[in-house]
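Engineer: Let me begin by handing over the structure; questions about it come next.
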Amino acid sequence: MKFDNIIIGGGLSGLVAAIESQKAGKSTAIVSAGQSALHFWSGSFEFLGEADGETVIENPLEKAALLPAGHPYRKIGLPRLESLLSRVTPLLAEAGIKVNGSLQRNHYRLTPMGFMKPAWLTLDDYLSVAHPDELKGKRIAIVNIEGYIDFYPRFIKFGLEKIGAECFTAEVNIPQLDTLRKSTTEMRATNMSRFLNGGAVDLLADKINDASAGADMVVMPAVLGIFSDIPVKRLRAGIGRPVHFVATTPASVPGVRCQLSLRDLFIRLGGTFMPGDTVVKGDISSHRLQRIYTVNFGDMPLEAGNFVISTGSFFGHGLIASIDRIYEPIFGLDLNIDKGRTEWYDEDFYAPQPYMQYGAVTDNEFRPSLKGETIDNLYATGALLAGFNALKEGSGAGITLATALHAASRIV
């Protein structure tokens, strides 16, 4: 089979690159092995949350200009970076995902552990504020589902009270969830969301209204709307005060919804989505990737004019660490690793870990190399790239989206 463009990886980066390619009229296929990091999504995208050891709120774009020269943001350049990322909110809206935020100033979002952290974009129905002081003096009801253990009201209460909010906790239950409650292993957010539709949502709203009497707002776990935001809107309409959600222990309802929504948009545009398949190798000659081979298609190659590899880092198996080496498993791409195993990590658990910056070496167009030779029609994106520490910087989603959009602009 032959396509104009093939995307290897069906997570956030791969989906965004594929959507942009398909919208440009290029026949595009995604080869996706399965779940992605989106299933662990908090409901917020970060652009740059920390620089020089300080939290970044004002002017995150300007702070990005101070990052090391090999950082993906610096490779793209600030004017182009801002232009690319201005397309994210409209693209998400087209998929039915409404977010709020600005590149000019980070806002604060509430984490599942009760902290307020900087973020660039946050889902419309999740708790975010321009400054934590907005919550001072607010009476907040933190409402959990009875028997649900992947949400931590006490931590959230403690965190909100530290910034001056007045909080109380409550639990609610509806009969529709009794089947799941027979086993704590079934009381998961994604499972509950399948039962919380129609009349069950209305009953849940009534219970929450009773439990949150006297509150200015309600904070509750994200357990509704795995396939669309219709149940979320229905619940919010049925409660007599603002309702804000907090993501829970994975699998994350907002993350699954985001991935399914982007996948469905890609398919509606005419793209070819190949789930449950893994690329195992490719033929590279004359500095070009000619074709790839997958587990499901065996000896039948998939050919394209351009390819994008968006397989992630260690978590997504885009990088593999064995006892004596770290490698990229599909093509054996060049990585920025020249030290032995004892240099991969810092013994101080809380220190920035060297391995977090490991990844594929690329030119300024994010084309990776193999044995020192650039592959002209292959682009690497997202967590596979070298030169940044997403955890320390709070930059993972911004890099994922910016490099995906950059790659898409090149392959179309």
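The values are calculated or read from the model by the stated rules, or taken from the named source; none is laboratory data. On a predicted model such as this, the values are computed, not experimentally measured, just so you know. A quick note on method: Cβ atoms are made from the backbone with ideal geometry, for glycine too, and the neighbour counts reach across all protein chains shown. Side chains included, ligands, DNA and RNA excluded: accessible areas come from the protein's heavy atoms. Shrake-Rupley method; radii C 1.70, N 1.55, O 1.52, S 1.80 Å.
Engineer: Under 16 Å from the Cα of Lys392, which aspartates and glutamates turn up, not counting those fewer than eight places away in the same chain?
Structural biologist: Filter leaves Glu46, Glu50, Asp52, Glu54, Asp346, Asp348.
Engineer: Would you work out what percent of the accessible area of segment 262-412, with all protein chains in place, is carbon or sulfur (probe 1.4 Å)? Show your work: numbers first, answer last.
Structural biologist: Numbers: 3580 of 7140 Å².
With neighbouring chains kept in place, the figure for segment 262-412 is 50 percent.
Engineer: Here's something else I'd like to know. Restricting attention to segment 322-408, which trypsin sites (Lys or Arg not before Pro) occupy a DSSP loop and are surrounded by at most 13 other Cβ atoms within 10 Å?
Structural biologist: Passing both the DSSP loop test and the Cβ count: Arg325, Lys339, Lys371.
Engineer: Apply the membrane-span-like helix rule to the chain: whole DSSP H runs, Cα extent along the own long axis of at least 20 Å, mean Kyte-Doolittle hydropathy at least -0.5. List the helices found.
Structural biologist: Membrane-span-like by this criterion, though nothing is claimed about a membrane: 253-268, 396-411.
Engineer: Keeping the other protein chains in place, figure out the carbon and sulfur percent of the accessible area of segment 25-100, with a 1.4 Å probe. Write out the running numbers ahead of the final one.
Structural biologist: Numbers: 1690 of 3400 Å².
Carbon and sulfur: 50 percent of the exposed surface of segment 25-100.
Engineer: Per residue, how much accessible surface does segment 95-229 expose to a 1.4 Å probe? Answer in Å², no decimals.
Structural biologist: 43
Engineer: Let me ask you something else. Return the subset of Lys2/Lys23; Lys23/Lys281; Lys98/Lys136; Lys63/Lys136; Lys26/Lys371 for which the Cα-Cα distance in this structure is over 21 Å, preserving the input order.
Structural biologist: As for pairs spanning more than 21 Å Cα to Cα, those are Lys23/Lys281; Lys98/Lys136; Lys63/Lys136; Lys26/Lys371.
Engineer: Can you give the accessible area per residue of segment 264-412, in Å², using a 1.4 Å probe?
Structural biologist: Accessible surface, normalised per residue, equals 47 Å².
Engineer: Now for a different question. Indicate the gyration tensor shape class of the chain (rounded, prolate or oblate), computed on the Cα atoms with a ≥ b ≥ c the square roots of the eigenvalues: a/c under 1.5 is rounded; otherwise a/b larger than b/c is prolate and the rest oblate.
Structural biologist: Prolate, since a/c reaches 1.5 and a/b exceeds b/c.
Engineer: Just to confirm, what accessible area per residue do you get for segment 21-93 at 1.4 Å probe, in whole Å²?
Structural biologist: The answer is 44 Å² per residue.
Engineer: Could you tell me whether segment 313-412 comes out rounded, prolate or oblate from its Cα gyration tensor? Rule is a ≥ b ≥ c as square roots of the eigenvalues, rounded for a/c under 1.5, then prolate if a/b exceeds b/c, otherwise oblate.
Structural biologist: Oblate, because a/c is 1.5 or more while a/b does not exceed b/c.
Engineer: Could you compute the net charge surrounding Ile230? Neighbours are other residues with a C-beta less than 15 Å from the C-beta of Ile230; K and R count +1, D and E count -1.
Structural biologist: The answer is +1.
Engineer: Sort the following peptides by mean Cβ neighbour count (other Cβ atoms within 10 Å, averaged over residues), highest first: 26-32, 292-298. Present the calculation step by step, with values, prior to reporting the outcome.
Structural biologist: Working: 26-32: 24.1, 292-298: 15.0.
Going from most to least packed, we get 26-32, 292-298.
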